[in-house]
Amino acid sequence: MKKALLFALALVAAGCAEESMTAEVQSTSARVTTLEQRLENAERGLATAERRLATLESASATQPQTRSQPEATSEKWKDLSLWNQLRPGMTEAQVKSILGEPTEVFLNPGNMGFGYGESSGRCRNGAVWFSTIRGTNTLRNTARPRDCN
């Protein structure tokens, strides 16, 4: 009788273990399916980003490296104290509001620069460089002009 009872308990335990294993396998399978779907979405997003980047790079490659701009309408860039107001992360508009319109714009893959200066005179030119990698042009660094006074 003891053996029969132990055998019956073993069968019940095996059935419970099988149900538990089946539930765990189903749960794991659902998680794997969800992860596969997320990976497919990420791959589609990456492919789209790569196409956009290739388009932007080919467009920038066809643009001239330096574009001349009309002479700056302001002499503000000569005031060295204004250069102290420039901070990394500023936008093009913020820089222009401080220094005025640049005399030149430099275009390179991944960055753009504004040149400030005179074709003649004793002032050395100044420049500001923007990072263009993330689609927003933000100030990266500056090269101040020499004292113009």
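Some notes on this structure:
- Residues whose amide H lies under 5 Å from that of Asn111, counting only those 5 or more places away or on a different chain, are Thr132; hydrogens are built 1.01 Å from N in the peptide plane.
- Fewest-first sequence of Thr48, Thr138 by Cβ atoms within 10 Å of each Cβ: Thr48, Thr138
- Residues in segment 94-113 reached by a label modelled at Gln85 [backbone nitrogen below 20 Å; 7 Å Cα→Cβ]: 94-104
- Projected label points at Asn141 and Gln94, each 7 Å from Cα along the beta carbon direction, are separated by 1.9 nanometres.
Just so you know, all these numbers are worked out from the coordinates, no wet-lab data involved. Just so it is clear, the model here is predicted, and its values are computed rather than measured. Glycine gets a Cβ as well: all are built from the backbone with ideal geometry, and neighbour counts include every protein chain shown.
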